[in-house]
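First the structure, in the form of structure tokens, and then the observations on it.
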Amino acid sequence: MVTVDIDSTACVAPPRHRRRTNRNVRASCNVSDSSRSDFRAEKPGPIMALFEGRSWVTTACLIVALTLTISSSLHSLSSYSTFYGSRRRLVRTASVEQQHELNDNEGELASLETDSATLVDRMTPQEIEQNLELNRVLIEGMDDTEIEGVTALPPTIDQGLDERGEDAQGGTSSFVAQQTFNTSQESTPTNTANNIKTDYESLISNSNSLPTYDLPALLSQINLFTNTFAILIYDPPTDAFYALYSKKHYWASSVEKLIRSLYSVTYLIRNIFGDRLNNQELAIAISAGDYPAVKITDCVRLRSRTAPPTETRRIKTFASNGCSLQNAAPILHFGSTFRHQVFQNMISMPMPEPHHLKCFEEWASHRQVCAQRKRIARIGENGLFGEGVKFDWTAADWDGLIPQVVWRGTDFVYLQTLYPELGRPSLDSHIAPHLDRLSTINLKQQALEALKKSKAGLVPRWKAVLHTAQAELDVQQNIEKMGRNEHEKRRMKEKILPWANIKFSHYVSEKGIKAPTKGSKEYKMWERMDFPAVGESLSMEDLAKYRYHIDLGGGGGTTWSGTIQKLALPGVLFHHVTPTKDYIHDYMKPWKHYIPVAPDLRDLKEKFDWAEAHPNQARKIARQATKLVRYLSSSKGMEETFHKDFVEPMRAVLDAYVPVSKTEYRGNTWRKVIMEIQGQGNMLPILKCTGKSVNSCERMVGKGGFYDPAQIRRLENDGAGGSGV
């Protein structure tokens, strides 16, 4: 017998492979054919070893069993190949510049902010650290006291309500009167460190004048932003408005929202304040988007209390000058703003969306309520909420609503550029490593347990989907325990519903187009796992049959159309309180018009249990919310909101502006002032409007911005009004 070195793998390698091995190794394997034969006889292969010494009957049975095993393995391998292929397609994402957000139940596309990854690529390490610091202030800025205020339950007072949920004694019930926490209208204490006594919104609401500002102060606000910010100037010689965009800012897809806002603003200023358009220029700072595209500032560092002790004195010195009201020009932001008044000079304005700014535009033109608001106002008239849905606010009607928290909307990002750590789950990284096909636990439960491990990093909409998955599994397990046979289990499934019914009806495709999740290849594997990421689309009439709703925040932390629509429905709204808010939220009171839930939805199940245990109070909240929306959608309500949320803020800003002729730059034009401060060619006109009609604007750049060198040279040479800026 020849002894063979087992470590020499070249000895048993195929001849072709053996020719490529080292010559010394080949020499050590130079054994005779008989020796190799003896070696194979002593060390049979694993397959031959199965049949060695067995009868032909046993061997035949083993062959059949082996064949079936191999076939099964190949089938499993094919399934896994399909599974992984589908996952790879699912997690393939498009450029965020091409993505769009869809408002709930409306299907209107709204541009998404610039990709946070692209933004980070352009930042220095110091800017990245500062951006993370701003994130902590604005996104995680809701301290424990505020979170407790949102998550706290109200006192249990069901007495004093009549059959239809009205106060039996009339007036405000003790239940509402005892609620002191208000998430939408926060008091702003005096900030002695910043020398800021109050914010601009409070000054306007109290009919106080804003501090005066001039063009240089306005230009200083450019440094607060990274994009989607313009200086709107009325030029008397040409009797036209010019929107100027800084070359320091990059061109985000959200600039389209800025341009839509400017179309409306110039028309409304001409329509309402035409007598102000005289021989002196006007200049206004306009921002727009899902939320303000701001950068870190020392004012924010001081507000966050995160600055090191060595920096505190320097920051306070700066803040006493740079953050004072006397040096801060007002900024009108058309979109969602920060709930915390970090930027005291920022004023929340109506969103550039059909339910809001466009409605104001139509009201100013014809004193008519827009079609979108009319549809909302008609909801619930005469107790009708769509075909076959009769609701008269009685206890019986309330009990007849489906006792689930329902939501349908788009799988979308959440405050992406400020909070890039939050994302949507990937089948590759979040689920696949934790799946075990041989486990007795079903794939849905395995996927849920896998996602729970990374729940903190998921956007709120996906956290809500996890609530639904858990609720469905709980119901399924209870039915399995209680059901005595399959027939009884089927009957129980029809009667016992999971408390949450929150699913994605749509997603944004790689081409930025809204598409249904149901039946799509991107969500195919979620459907195969029976995971509730995929749901059918529901109309307003369908939603009106449910007892509970939620307005989950999207790209800007809010939902521009979903909140006002769901307040109108007969069910009660669980309002998602996030770090951002809309102007419409100032009309909503917690525990009077909605039940607040925390940003991370930690208390959603608890609030649902409370509402189920206190039906009279929940029904009263729902009815008051419906009344509020009907009022806001009436002629009287439109007139009030039009004046409060557009006319008064705009008048205050126009009154506060000091023209160039009354400053140290007297004798110069506004163009020369801008060139002296910003440098020639650094402020480029993107829009020219007369304001004499709703479509009076001439776009001076395409949707791609002014990245074309030839276009930049033309704008630098021509400028606003032909003299260059």
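The values are calculated or read from the model by the stated rules, or taken from the named source; none is laboratory data. As the structure is a computational prediction, the values presented were derived from the model and not from experiment. With ideal geometry, Cβ positions are generated from the backbone for all residues, glycine too; neighbour counts draw on all protein chains shown. We work out accessible area using only protein heavy atoms, side chains counted, and drop any ligands, DNA or RNA first. Shrake-Rupley method; radii C 1.70, N 1.55, O 1.52, S 1.80 Å.
Miscellaneous remarks
- Residue in the stretch 568-584 that is under 18 Å from MET351 (Cβ atoms), part of a helix (DSSP H, G or I), within 21 Å of the chain's Cα centre (by Cα) and not charged (D, E, K, R) present: yes
- Taking the numbered list (1) at pLDDT 95 or above; (2) open to solvent by less than 50 Å² (accessible area, probe 1.4 Å); (3) over 31 Å from the mean Cα position of the chain (by Cα) in turn, ASP655 passes all entries but (2).
- In summary, LEU684 fulfils each of the numbered conditions (1) under 27 Å from PRO354 (Cβ atoms); (2) crowded, with 19+ Cβ neighbours inside 10 Å with the single exception of condition (1).
- Any hit, the stretch 640-658, residues being touching a Ser or Thr at 6+ places or on another chain (Cβ under 6 Å), more than 16 Å from ALA568 (Cβ to Cβ) and not in a helix (DSSP H, G or I): yes
- Among the residues of the stretch 560-583, none qualifies, meaning not one is farther than 24 Å from MET540 by Cα, among the hydrophobic types (A, V, I, L, M, F, W, C) and in contact (Cβ under 8 Å) with a residue 40 or more places away in the chain.
- From GLY553, GLY557, residue being at positive phi, buried (at least 24 other Cβ atoms within 10 Å of the Cβ) and touching a residue at least 12 places away in the same chain (Cβ under 8 Å): GLY557
- The stretch 197-231: number of residues that are part of a strand (DSSP E or B) and surrounded by fewer than 23 Cβ atoms within 10 Å (Cβ to Cβ): 1
- Across the stretch 507-518, the qualifying residues are those that are open to solvent by 70 Å² or more (accessible area, probe 1.4 Å) and at pLDDT 90 or above, and the one among them that is farthest from ASP428 (Cα to Cα) is PRO516.
- Total residues in the stretch 232-244, condition among the β-branched types (Val, Ile, Thr) and open to solvent by less than 10 Å² (accessible area, probe 1.4 Å): 1
- From the list ARG373, ARG367, ARG378, the lone residue that is of a type in the set (Lys, Arg), at pLDDT 90 or above and either open to solvent by less than 50 Å² (accessible area, probe 1.4 Å) or out of contact with any Ser or Thr (no Cβ under 6 Å at 6 or more places or on another chain) (or both) is ARG367.
- Total residues in the stretch 658-681, condition crowded, with 20+ Cβ neighbours inside 10 Å and among the aromatic types (Phe, Trp, Tyr): 1
- Count of the stretch 245-285 residues which are open to solvent by 10 Å² or more (accessible area, probe 1.4 Å) and either in a strand (DSSP E or B) or of a type in the set (Asp, Glu) (or both): 4
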